[in-house]
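Structure, as structure tokens:
The values are calculated or read from the model by the stated rules, or taken from the named source; none is laboratory data. As the structure is a prediction and not an experimental result, all values here were calculated from the model. Here the Cβ positions follow ideal geometry from the backbone for every residue, glycine too, while neighbour counts run over all protein chains shown.
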Amino acid sequence: MIRSILEYAVQVWAPHHANQRDRLEKVQRRFTLYALRRLPWRNGVWRSSYSDRCTLLEMVSLEKRRTFLQRMFVFDVLTGRIDCPQLREEITVHRPTRTLRNQPLLRIPFHRTLYGYNRPIDRCCRIFNSVSDEYEPSMTRERLKRKILAL
């Protein structure tokens, strides 16, 4: 129930400062401790790492989940699954005349301020660029989802 609240409109409100991300992650950290408190631990639940507890509960950290949702949002806008011309105009696909290595798929405008740098659509595009090598225009949503989750 809490995860659905924390993931609603994540493309707009996702925190970009580490202390804000840590405060959100703390909610899930506490939940994993609470959920596993009754298991017979040899060394105690308090000594197991957060990632181990998430694995045991078959959960993903909130940070990874937010990143995944932002990537899928950009994919949905690019493929037309989200029909919003204003958003589509904000996303500029880089189509070079010559093939050069390490060129990001999406062009992100330069910003002089941190506020501009972390605009929601630009942040989503930056996150999508980190996996743009996996993207193909004819790709289905499920296939991209599997590729991203396999990384």
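Data table
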{"quantity": "Qualifying positions in region 86-121 - assigned to a helix (DSSP H, G or I), aliphatic (A, V, I, L, M) and closer than 23 Å to Glu7 by Cβ", "calculated": "Leu87, Ile121"}
{"quantity": "Test: residue in region 69-85 that is within 30 Å of Gln28 (Cα to Cα), outside any helix (DSSP H, G or I) and modelled with pLDDT of 90 or more", "calculated": "yes"}
{"quantity": "Positions within region 99-131 being touching a residue at least 12 places away in the same chain (Cβ under 8 Å) and either of a type in the set (Val, Ile, Thr) or over 20 Å from Glu63 (Cβ atoms) (or both), in sequence order", "calculated": "Pro104, Leu105, Leu106, Arg107, Ile108, Pro109, Ile121, Ile127, Val131"}
